[in-house]
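The values are calculated or read from the model by the stated rules, or taken from the named source; none is laboratory data. Remember, predicted model here, so these are calculated numbers, not experimental data. Virtual Cβ from ideal backbone geometry, glycine too; neighbours counted across all protein chains shown.
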Amino acid sequence: MAGSVPASPALSRLNEKDAAACDSAGRGGFEKTIMPRHHQKKGSAPGGSQRQLRVGELVRHAVADILSQGSVHDADLEGHIVTVPEVRMSPDLRLATIYVMPLGGRDTEVVLTALDRNKKYLRGEIAHRVNLKFAPEIRFRVDERFDEAERIEKLLRTPAVQRDLAPGEGEEQ
């Protein structure tokens, strides 16, 4: 046949018209496949990789020790007991988001501004206590899980929810 393309395994599945179009495009019969850039493993942890979780826990312990020992000399922090329930690390381990909560949940803004003022000192102490290639940049956030748990508890105690949770007249347990 005149104008036919030489047979190859990839082109044998295409009709002549498609084969000629692919060959004239210079691809030799192969289609372009778009690959995703990021591969998310189905079994990965919700807080990141195992390494992120491990380093986050090390940073959390270091910050909790620094705060409990009173190493940060700040008038606003001296009157507060601060808990560190969680630290989330970025995938490259260069940024640590430290979630804090003052005991009793009072003066959260005062404590956050005091921690931000002493960020440089805390970063240096973390670098000494945790063996990493780079000391992570740190940022502080208020842990709002306690507020969310209280909100859910209040919802569960409402009469409408209690009525729905109670066994009905015709229902068996």
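Can you work out which of the residues in the range 122-173 that are under 25 Å from the mean Cα position of the chain (by Cα) and more than 21 Å from GLU57 (Cβ to Cβ) is modelled with the lowest pLDDT?
Here is the first cut: in the range 122-173, the residues under 25 Å from the mean Cα position of the chain (by Cα) are 122-152.
With the extra rule that they be more than 21 Å from GLU57 (Cβ to Cβ), the set shrinks to 147-152.
Numbers: ASP147: 79, GLU148: 83, ALA149: 83, GLU150: 83, ARG151: 87, ILE152: 88.
For the range 122-173, the residue satisfying everything is ASP147.
Is one or more of the residues making up the range 91-104 at positive phi and not β-branched (Val, Ile, Thr)?
yes
When the residues of the range 102-150 are filtered to those that are out of contact with any Gly (no Cβ under 9 Å at 6 or more places or on another chain) and acidic (Asp, Glu), which remaining residue is farthest from ARG88 (Cα to Cα)?
GLU150
Of everything in the range 107-157, what is in a loop (DSSP other than H, G, I, E, B), in contact (Cβ under 8 Å) with a residue 40 or more places away in the chain and within 18 Å of LEU77 (Cα to Cα)? Give them in sequence order.
Of everything in the range 107-157, those that are in a loop (DSSP other than H, G, I, E, B), in contact (Cβ under 8 Å) with a residue 40 or more places away in the chain and within 18 Å of LEU77 (Cα to Cα) turn out to be ASN118, ASP143.
Taking the range 89-106, which residues are assigned to a helix (DSSP H, G or I) and either in contact with a Phe, Trp or Tyr (Cβ under 8 Å, 6 or more places away or on another chain) or at pLDDT 95 or above (or both)?
Within the range 89-106, just GLY105 meets the criteria.
All but one of (1) touching a residue at least 40 places away in the same chain (Cβ under 8 Å); (2) among the aliphatic types (A, V, I, L, M); (3) not in a strand (DSSP E or B) hold for ALA160, so report the exception by its number.
(1)
Among the residues of the range 59-102, which ones are farther than 16 Å from LYS119 by Cα and of a type in the set (Lys, Arg)?
ARG88
Let's see how each residue does on (1) over 21 Å from ARG139 (Cβ atoms); (2) in contact with a Cys (Cβ under 8 Å, 6 or more places away or on another chain); (3) at pLDDT 60 or above:
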site	(1), (2), (3)
PRO9	yes, no, no
GLU16	yes, no, no
MET35	yes, no, yes
PRO46	no, no, yes
HIS61	no, no, yes
ILE66	no, no, yes
GLY70	yes, no, yes
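I'm trying to understand the selection: among the residues of the range 97-128, which are surrounded by 14 or more Cβ atoms within 10 Å (Cβ to Cβ) and either of a type in the set (A, V, I, L, M) or touching a Cys at 6+ places or on another chain (Cβ under 8 Å) (or both)?
Correct list: ILE98, VAL100, MET101, VAL110, VAL111, LEU112, ALA114, LEU115, LEU122, ILE126, ALA127.
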